[in-house]
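Everything on this sheet refers to the single structure shown next.
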Amino acid sequence: MENSKQKLHKISCFVFDVDGVLTDGSLILLPTGEQVRTMNIRDGYAMQHAVKQGYRIIIISGGKSEAVKTRLNGLGITDVYLGNETKDKTLIEVMNNYGLKTEQVLYMGDDVPDISAMKLCGLPTCPADAAPEIKEISLYISDRKGGQGCVRDIIEQTLRLHGKWLV
């Protein structure tokens, strides 16, 4: 974390994958065909707090769950890109739209579809249970697993460093 801690000073935008980061990667399959996910309430609090403190949060996911979008919108997150198979292209578009520099962006992903987007940001991070290929390119690996507080971990560290956690 020591090397990545210096990079945290410049972070103003968090980008998160959903499955395996905001969730533990599990799906509950209902007889109706609906796929249900669970999210950590503390991750939600941290994201909501970050938004209120002026940080941008962007969600880029291959999944298409409207329930996920509703939950995230309820936390004040408006940049939610679901059903996304080209995460790198979406990230470039979003960075251009908001005038974000590479060093301002932290990306937390957990599996192979995140690799190309993670290579575009200033601080690639991942949960403790990420795929080996993701751990290899991450400058910070949370000690918490996906869906179990890894998002809270990195947001809290960043906001504490910026003096914006307990305000």
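The values are calculated or read from the model by the stated rules, or taken from the named source; none is laboratory data. Keep in mind that what you see is a predicted model, and the values were worked out from it rather than measured. Cβ atoms come from the backbone with ideal geometry, glycine included; neighbour counts cover every protein chain shown.
Checking residue 63 against (1) more than 21 Å from residue 35 (Cβ to Cβ); (2) part of a loop (DSSP other than H, G, I, E, B); (3) touching a helix residue (DSSP H, G or I) at 6+ places or on another chain (Cβ under 8 Å); (4) not aliphatic (A, V, I, L, M), which single condition isn't satisfied?
(1)
Does the stretch 41-52 contain at least one residue that is touching a Pro at 6+ places or on another chain (Cβ under 9 Å), buried (at least 17 other Cβ atoms within 10 Å of the Cβ) and modelled with pLDDT of 95 or more?
Taking every residue of the stretch 41-52 in turn, none turns out to be touching a Pro at 6+ places or on another chain (Cβ under 9 Å), buried (at least 17 other Cβ atoms within 10 Å of the Cβ) and modelled with pLDDT of 95 or more.
Wholly within the stretch 91-167, which helices (runs of 4 or more DSSP H) include no fewer than the required count, namely at least 1 residues that are within 13 Å of the chain's Cα centre (by Cα), farther than 11 Å from residue 14 by Cα and in contact (Cβ under 8 Å) with a residue 24 or more places away in the chain?
115-118, 150-161
Please enumerate the residues belonging to the stretch 20-68 that are under 20 Å from residue 79 (Cβ atoms) and of a type in the set (Val, Ile, Thr).
Within the stretch 20-68, 21, 23, 51, 57, 58, 59, 60, 68 qualify.
Going by the structure shown, is residue 74 without any contact (Cβ under 8 Å) to a residue 12 or more places away in the chain, surrounded by fewer than 20 Cβ atoms within 10 Å (Cβ to Cβ), under 21 Å from residue 146 (Cβ atoms) and of a type outside the set (Val, Ile, Thr)?
For residue 74, the condition - without any contact (Cβ under 8 Å) to a residue 12 or more places away in the chain, surrounded by fewer than 20 Cβ atoms within 10 Å (Cβ to Cβ), under 21 Å from residue 146 (Cβ atoms) and of a type outside the set (Val, Ile, Thr) - is met.
For residue 21, state whether it is at pLDDT 95 or above, touching a strand residue (DSSP E or B) at 6+ places or on another chain (Cβ under 8 Å) and surrounded by fewer than 18 Cβ atoms within 10 Å (Cβ to Cβ).
no
Suppose we filter 75, 120, 82 for residues that are within 16 Å of residue 20 (Cβ to Cβ) and of a type outside the set (D, E, K, R); which single one remains?
The conditions single out 82.
Kindly provide the set of residues from the stretch 1-55 that are touching a residue at least 12 places away in the same chain (Cβ under 8 Å), in a strand (DSSP E or B) and more than 13 Å from the chain's Cα centre (by Cα), ordered by number.
The answer is 35, 36.
Could you identify the single residue in 51, 112, 151, 167 that is touching a Leu at 6+ places or on another chain (Cβ under 9 Å), within 15 Å of residue 18 (Cα to Cα) and among the aliphatic types (A, V, I, L, M)?
151
For the stretch 95-132, give me each residue that is surrounded by fewer than 21 Cβ atoms within 10 Å (Cβ to Cβ) and touching a Phe, Trp or Tyr at 6+ places or on another chain (Cβ under 8 Å).
Hit for the stretch 95-132 is 120, nothing else.
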